[in-house]
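Working notes, beginning with the structure itself.
Read-outs throughout are calculated quantities, based only on the coordinates presented, and are distinct from any laboratory measurement. On a predicted model such as this, the values are computed, not experimentally measured, just so you know. Cβ sites come from the backbone with ideal geometry, for glycine too, and all protein chains shown count toward neighbours.
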Amino acid sequence: MRTTRTQVGIIGAGPAGLLLSHILHLQGIESVVLERHSRDDVEAIIKAGVLEQGTIDLMNEIGAGERMMKEGFRHEGIILRFDGRDERIDFPSLTGGKSVMIYAQHDVIKDLIKVRLDSGGDIRFEAKDVSVYDLDTAQPKIRYRDKSGVVEEITCDFIAGCDGTQGICRPSIPAGALKVHERLYPFGWFGILCKAPPSSDELIYAMHERGFVLVSTRSPDIQRMYFQCSPTEKVENWSDDRIWAEFRARLATQDGWVPQEGPIFSKTVIGMRSLVVEPMRYGRLFLAGDSAHVVPPTGAKGLNLAATDAQILARALTAYFKSNRSDLLYQYSETALRRIWKATRFSWWMTSMLHTFPGTDEFQNRLQLSELNYVTSSRAGAMALAENYVGLPIE
Ligand code: FAS
Ligand code: PHB
């Protein structure tokens with residue numbers, strides 16, 4: 001067995017792990033990133049699409065934002081569609097000039113991997129059988145098998161568990177040490193990618209009695225759209241024609257609006273849940289991103305929360321290595337969780353306002369419509385939605 005050491009061992013080359021590794025590098029702190037998938041696979045997984053103002057600023061600050069600024073689409077508002085009509089939420093006038101960027105997560109990943117490797121970063125793809133131990137000692141360790149089958153052990157000062165919802169870090173923490181808060185939703189999203197021009201200049205979040213729809217985009221000729229479905233829905237039950245008929249039914253407006261249709265080349269069903277794990281630390285293992293929390297994508301928070309966890313953890317680790325301070329490390333979980341719970345509430349609120357709950361009654365439906373009427377007719381209501389959507393400030 002080969003043995004090496006590093007200051008910070010990072011498990012997972014998603015947004016959390018890659019951002020953490022590069023921010024630490026810029027502070028002169030060494031890390032090793034272990035990723036189970038190949039580089040091609042990691043760069044191909046279709047996930048999120050909306051970057052908050054803070055994530056845009058971070059990508060530019062760390063030198064990874066050039067392509068995003070060229071190819072991303074700045075959006076200054078969203079459309080809420082209900083009762084067959086559109087109401088717009090304007091971001092700059094409600095948030096002191098902030099907006100969001102539509103830029104696919106797999107493009108963020110490509111840009112982060114490139115900037116990391118160009119600066120000599122150590123990312124080990126296709127790392128198998130990753131395990132962590134000695135977490136409650138001063139020398140926590142990672143063990144894994146590299147793609148040629150050689151077993152390696154890395155002794156670290158700290159380990160960052162950035163391995164998402166299916167990772168090994170959170171399960172490596174003794175059960176009694178964590179409290180898990182979870183809420184499952186009685187629906188999922190049926191997501192498509194299609195070859196068509198954009199149906200709208202801005203994202204459309206539509207509430208309809210048949211179920212929620214989100215009209216998003218990826219580029220001038222590739223569109224990303226979702227409709228609410230059963231959490232156990234099967235992709236094979238849905239032909240292109242049936243999908244477009246459903247989108248037309250749920251997106252219908254009084255003025256006869258119809259979506260731009262085209263061949264669908266990707267269909268997936270995404271589950272919906274809220275989950276928060278407390279605390280986000282055990283000994284010298286720190287959790288960041290989806291390994292510690294999951295939000296329904298309605299609020300477009302998942303990727304952005306991973307980015308802010310990485311920033312807060314990098315700040316704490318930098319204080320330890322460069323100023324010999326441990327206070328920010330002790331405060332990491334509490335600091336991150338204050339922001340995570342605000343984003344969890346916002347994602348739950350957007351989901352509850354816009355989706356049709358099975359077995360709901362007319363009273364519930366009228367409550368949701370009144371919520372939509374309130375946020376689109378009151379400046380205070382619209383401001384509350386806008387400031388959460390563009391991203392709350394980091395403490
Ligand atoms: P990630 O899951 O992105 O990354 C974790 C990494 O760790 C992965 O590369 C994984 O391969 C690796 N890993 C896991 N176990 C490992 C092991 N044992 N050894 C080594 N590596 C390991 N969010 C939104 O805001 N909007 C959306 O529309 C949206 N859509 C989504 C669709 C899907 C299908 C999924 C799964 C998620 C979606 N999300 C969305 C949420 C998503 O964007 C996450 O919030 C974001 O990827 C979180 O980033 P990370 O915490 O880095 O975790
Ligand atoms: C996306 O483009 O994938 C997207 C956009 C906004 C959301 C969720 C997903 O709230």
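Taking K and R as +1 and D and E as -1, what net charge do the other residues with C-beta under 14 Å from the C-beta of Ile62 add up to?
Details: positive: Arg67, Lys114, Arg116, Arg315; negative: Asp57, Glu61, Glu66, Asp111, Asp118.
Local charge sum for Ile62: -1.
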Sorted by chain and number, the residues with a modelled amide H under 5 Å from that of Ala196, at a separation of 5 or more or across chains, are Ile222, Gln223
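Using helices alone, I'd like the mean residue ellipticity at 222 nm for the chain: each DSSP H run of four-plus residues gives -39500 (n - 2.57), total over residue count, nearest 500. Present the calculation step by step, with values, prior to reporting the outcome.
Details: 11 runs with 137 residues, N = 395.
Roughly -11000 deg cm²/dmol at 222 nm, from the helical runs in the chain.
For the peptides 45-55, 215-225, what is the packing order when you average, over each peptide's residues, the other Cβ atoms within 10 Å and list the highest mean first? Please report the intermediate quantities before stating the final value.
On the way: 45-55: 20.7, 215-225: 19.2.
Per-residue mean Cβ counts within 10 Å order the peptides as 45-55, 215-225.
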Estimated vicinal HN-Hα couplings, Hz - region 212-218 in sequence order (Karplus 6.51, -1.76, 1.60; Gly, Pro = x)
5, 9, 10, 9, 10, 8, 10
If one compares the long axis through the Cα atoms of helix 302-323 with the longest principal axis of the Cα atoms of the chain, the angle in degrees, nearest 10, works out at 30
By the scheme Lys and Arg +1, Asp and Glu -1, what is the net charge of all other residues having a beta-carbon under 12 Å from that of Gly211?
-1
Roughly how far apart, in whole Å, are the Cα centres of region 375-395 and region 176-255?
23
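How much FRET efficiency would the formula 1/(1 + (r/R0)^6) give for Asp146 and Glu66, where r is the Cβ-Cβ distance and R0 is 30 Å, rounded to 0.05? Each step should come with its number before you reach the end.
Numbers: r = 32 Å, r/R0 = 1.06.
That pair, Asp146 with Glu66, gives E of 0.40.
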Can you work out ³J(HN,Hα) from phi for every residue in region 125-137, in order, using Karplus 6.51 cos²θ - 1.76 cosθ + 1.60 and θ = phi - 60°, giving whole Hz and x for Gly and Pro?
6, 6, 7, 10, 6, 5, 9, 10, 7, 6, 5, 9, 10
Derived scalar couplings ³J(HN,Hα) [region 337-349; Karplus, 6.51 cos²θ - 1.76 cosθ + 1.60; whole Hz; x for Gly, Pro]:
5, 4, 6, 5, 5, 5, 6, 5, 4, 4, 5, 5, 5
Ascending count of other beta-carbon atoms within 10 Å, so fewest first, for Thr318, Thr351
Thr318, Thr351
Name the residues whose placed amide hydrogens come within less than 5 Å of the amide hydrogen of Arg5, ignoring near sequence neighbours (fewer than 5 apart) on the same chain.
Thr155
Which entries of Lys70/Lys128; Lys114/Lys234; Lys114/Lys141; Lys70/Lys179 show an alpha-carbon separation above 32 angstrom in the structure shown?
Lys70/Lys128; Lys114/Lys234; Lys70/Lys179
For His355, distant residues with modelled amide H under 5 Å away:
none
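Add +1 for every Lys or Arg and -1 for every Asp or Glu among the other residues with Cβ under 10 Å from the Cβ of Val390, and state the total.
Numbers: positive: Lys98; negative: Glu52, Glu76, Glu387.
Counting the neighbours of Val390, the net charge comes to -2.
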